[in-house]
Structures are given as C-alpha cells and as structure tokens.
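A.B. asks: One structure, as structure tokens, below. Some questions next.
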Amino acid sequence: MARYIGPKSKIARKFRDPIYGPDKYLEKKNYPPGQHGINKKRGAGKLSEYGLQLQEKQKAKYTYGILEKQFKNIYRKASAKKGVTGEILLQLIESRLDNIVYRLGIAPTRAAARQLVTHKHIVVNEKVINIPSYTLKVGDIVGVRERSKALETIQESLSRHSASRYPWLEWDSNSMAGKYMMIPERDMIPENIQEQLIVELYSK
C-alpha cells in the first residue's frame, strides 16, 4: 500500500481527530466521511474491540506517514526491548529522521519533511542522510544542508514555527540545526494515540 496523498480532512474525519493539525472542516463535520457517516455520528455502527484496535493502528500510521511493513518492523523492535512496549513503540517512531525534521520546524508537515530528507537537504552530524526512516541516537545533530538553507519552503516553515520547542530537542537558529537531547517520555509526546490498543492488536 502506498502512502496516502488524498484529502487530509477526509482522514481526520475518519478518526474524528485532527491528526494533521487544526482542521476547520473537521470541526464542522466531526463524523466519518461517506454516505453513512452521519449515521455513525448518531451512534450507529459501533466498533468492536478488534475494530478499535485496528483503527488506532491505522491512525498512528496515517499520523506519522508510516507504511504497514515499516510499522510492523518498528513494533517488533519495540517488543524486543525492556519496558512498556507501547511507549517504546512511540519513542522509536519519534526518533525517525523525518519526524525530527518536522518537530524542529524545518518542514511544516511530516510529508514535507520526508521530501526534504529524500532530496538530500538534511544532514545528520554534518553528513547527508536521505533515508526518512533513519533512527536518530541521543546526541545526534540534525541540520539543514549548507546549500539548502536559503530554500523558501524551509525559511517559511521556520518563520512560522512556534518559539516553544519540544523538551527533548534543542534548536540553534544561527546554525539552522537541532540536537536530539533525550528520548521523550510518553507524556511529552503530544499525539493523541492509544498505543496500548496497538499492542493488544499485535499481541493476538
């Protein structure tokens, strides 16, 4: 299955959650799209336990832009580590290069961040890395390649980015680079995902 590139509001309505950011259309129509969407708004067609678990996994995949095979591999890595599997799963996803580029504000969306990475505009520890799924380690420095610093899309994204940074990242506007300071605790990750449901789904 290829990555979804269709209307984002349609997916946000599917999960009834602004997974791509503030969505005025979702606020007006906070029920699933399609012919029977309004019926679900009234309480019809409640999901089974399996359905809820599957929906949560799908929401996580759409939120982070990860394909099924990639997501399953990340889960396997998380389940092999000591600790709370669901929390480790999100931590591994958060440590992906495309996500960090997005979190630092270098790109306005994760999709745009993946594009910057694949087009070789991003460096890690001063080395060009063009793999969006590249996993960062604590202490790694993620920055904009020297010849790419004047790109309009990067400049606009950084100008709109909030001054308040995520506590596990440190940004230096002069060098246009950020440091991955620490692995984020679950309460630091703002995404509205019930990771335990995903763990329950894969545990069956």
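A.B. asks: Considering only residues that are crowded, with 19+ Cβ neighbours inside 10 Å and farther than 14 Å from E195 by Cα, which ones fall in segment 63-84?
C.D. replies: G65, I66
A.B. asks: If you take the residues of segment 159-178 that are of a type outside the set (S, T, Y) and within 18 Å of the chain's Cα centre (by Cα), which of them is surrounded by the fewest Cβ atoms within 10 Å (Cβ to Cβ)?
C.D. replies: P167
A.B. asks: In this structure, does V117 turn out to be under 30 Å from V199 (Cα atoms), of a type in the set (A, V, I, L, M), assigned by TED's automatic domain parsing to the domain that holds S175 and modelled with pLDDT of 95 or more? Show your work before the answer.
C.D. replies: On the way: under 30 Å from V199 (Cα atoms): yes; of a type in the set (A, V, I, L, M): yes; assigned by TED's automatic domain parsing to the domain that holds S175: yes; modelled with pLDDT of 95 or more: yes.
For V117, the condition - under 30 Å from V199 (Cα atoms), of a type in the set (A, V, I, L, M), assigned by TED's automatic domain parsing to the domain that holds S175 and modelled with pLDDT of 95 or more - is met.
The values are calculated or read from the model by the stated rules, or taken from the named source; none is laboratory data. If you're wondering where the values come from, they're calculated on a predicted model, not measured in any experiment. So basically every Cβ, Gly included, is an ideal-geometry build from the backbone, and we count neighbours across all protein chains shown.
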